[in-house]
Amino acid sequence: MNEDNHGVPGVEKSVNAIKELKSHILRAKVQDSARADITSNLKEGEMFLVADWAMKFLPRKFREGQTDWFGKRGINWHIAVCATKKDDNYILDTYVYILDAQTPQDSQLTAVLMVDTVKDMVNRKRIDKVHIWSDNADCYKSTFTIYALYQELPNLIKSYNFCEAQDGKAPAIAIDLQQKGKYRVRVVTPVIDADAEKIHVKPISNISTLSNFEFSSDGLTVWRAYKSGPGKLIPWKNNVVTCLQLNVVHTWSSDVIPAILPPDDESEAHDESEAHDESAQPALKRRKTSDHVFHCSNEDCDRSFRTMTSLDNHLLLGNCNVHVEKKVVDRCKVMYNVKLQTINAITIQSDDAEKENTTEVPEERGWALKVKKPKVLFTDAQKQYLSEKFNIGKITGNKEDPAKVSRDMPYVLKDGQKRFTREHFLTTSQVASYFSRLALKDRKNDIQDQNDFTAASADKKLFGLKKQILSHV
């Protein structure tokens, strides 16, 4: 391919997007298996905790526009669902912490809320091991949170697993607020010790790419993906972190009945004779009965339930019954793939070089692991081109569209030559981000110019007043 083929960047972008989506789907399946393994192997004396910050509470209006909704100062509340097991039944205890003042949702506050939840459960039940599951928010996946949990719960905390980003971690479903009277509510205020010495903990290297943490007395064992190798052991550095204290303003009665998960009320399992066979004809779709109206949101899961509560419990535990390619459309895709492979197998005799070009290159191990993307610095030519486009909008009043600027980059000429090569083409988001930085810089300059003008005017008036006074002396 030569440089004149302007469709190549778009094709390469699409190929990379497909690869990233493929990696994301695989990571989501692998990480979700961590939650399923913990809940399925949960024993008496062990606890599985799911934590999440809920949406700001409560709306000021019944209906409101986006301008009123975004950036609103609301009440923060944190929710944690604790799942334990007794007599082969899962028991759920939900803790709701409401902050009575505007408080940042940082790692210090998040860690102390989870610690308080675990300690309260330990006082009420026999808990020997604690496993935690949450999303990838900075307040959860942080070095301070990891060290604080081990410091405050040294003999209890065993593992901390994170779900894949944008993959529905189910804490919101696990809240189970439909079951009234079966959750504990506390109104708290964090107390900050101003005299406490600030200790800087050395951050865990590349913590954003890590997904699984296991605690032991020897150190912290980390994995980039669930069950991917032996892991890396990080010894404890004897760092003592300063945790916040919680002042309980008000609490509802803690003597409530926890929610006991009922047995699965799903429809009967399909007969083994109806198992999927790629060579068989697509089976007719089973007619759904009216008493099983709630179906798992996982497209690959075929379980259905009579009540919404049973569905919520199923999503919390993650015990999906996955049948690969159970749909007719999936079987059609497999048959189409087989046809394509058959066509590709019928090749014409060619030289060795052409055969080498058609040879499939196996993918390397670890291709789906999360990697930290390097920072991309704009070149001087890119900055100059974007500044020119931005200044056109300032002068004419018609701002340049970032998407159009991105599309025009392959065709821009300078001195009869292409101004940019393929590796220097920018995406729409990159152009829009640079434009926003230029706009912010202009606003700051305008404010500075206004301040200079105000100061100069004040000095001029003061000089005139001083001259007038001296003339009358």
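The values are calculated or read from the model by the stated rules, or taken from the named source; none is laboratory data. The model shown is predicted, which means the values in this text are computed figures rather than measured ones. Please note: Cβ atoms are built from the backbone with ideal geometry, for glycine as well, and neighbour counts cover all protein chains shown.
What the table shows:
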{"quantity": "Residues being touching a Lys or Arg at 6+ places or on another chain (Cβ under 7 Å) and at pLDDT 85 or above - total across the range 75-90", "calculated": "2"}
{"quantity": "Odd one out for I132, checked against (1) surrounded by fewer than 23 Cβ atoms within 10 Å (Cβ to Cβ); (2) in a strand (DSSP E or B)", "calculated": "(1)"}
{"quantity": "Long-range neighbours under 6 Å by Cβ, at least six apart or interchain, first residue in contact (Cβ under 8 Å) with a residue 12 or more places away in the chain within the range 27-45, second in a helix (DSSP H, G or I)", "calculated": "T39/L317"}
{"quantity": "Test for L386: is it in contact (Cβ under 8 Å) with a residue 40 or more places away in the chain and not in a loop (DSSP other than H, G, I, E, B)", "calculated": "yes"}
{"quantity": "Residue within the range 423-430 that is aliphatic (A, V, I, L, M), at pLDDT 90 or above and surrounded by 10 or more Cβ atoms within 10 Å (Cβ to Cβ) present", "calculated": "no"}
{"quantity": "Odd one out for G397 among (1) closer than 22 Å to V11 by Cβ; (2) surrounded by fewer than 11 Cβ atoms within 10 Å (Cβ to Cβ)", "calculated": "(1)"}
{"quantity": "Tabulated pairs, the range 392-410, first of a type in the set (K, R), second surrounded by 15 or more Cβ atoms within 10 Å (Cβ to Cβ), C-beta under 6 angstrom, 6+ apart or interchain", "calculated": "K399/G393"}
{"quantity": "Subset of the range 1-35 [touching a strand residue (DSSP E or B) at 6+ places or on another chain (Cβ under 6 Å) and modelled with pLDDT under 80]", "calculated": "none"}
{"quantity": "Residue in the range 203-212 that is at pLDDT 65 or above, within 16 Å of Q31 (Cβ to Cβ) and assigned to a strand (DSSP E or B) present", "calculated": "yes"}
{"quantity": "Residue satisfying condition, being more than 29 Å from A28 (Cβ to Cβ) and either outside any helix (DSSP H, G or I) or modelled with pLDDT of 90 or more (or both), within set K119, K141, K158", "calculated": "K119"}
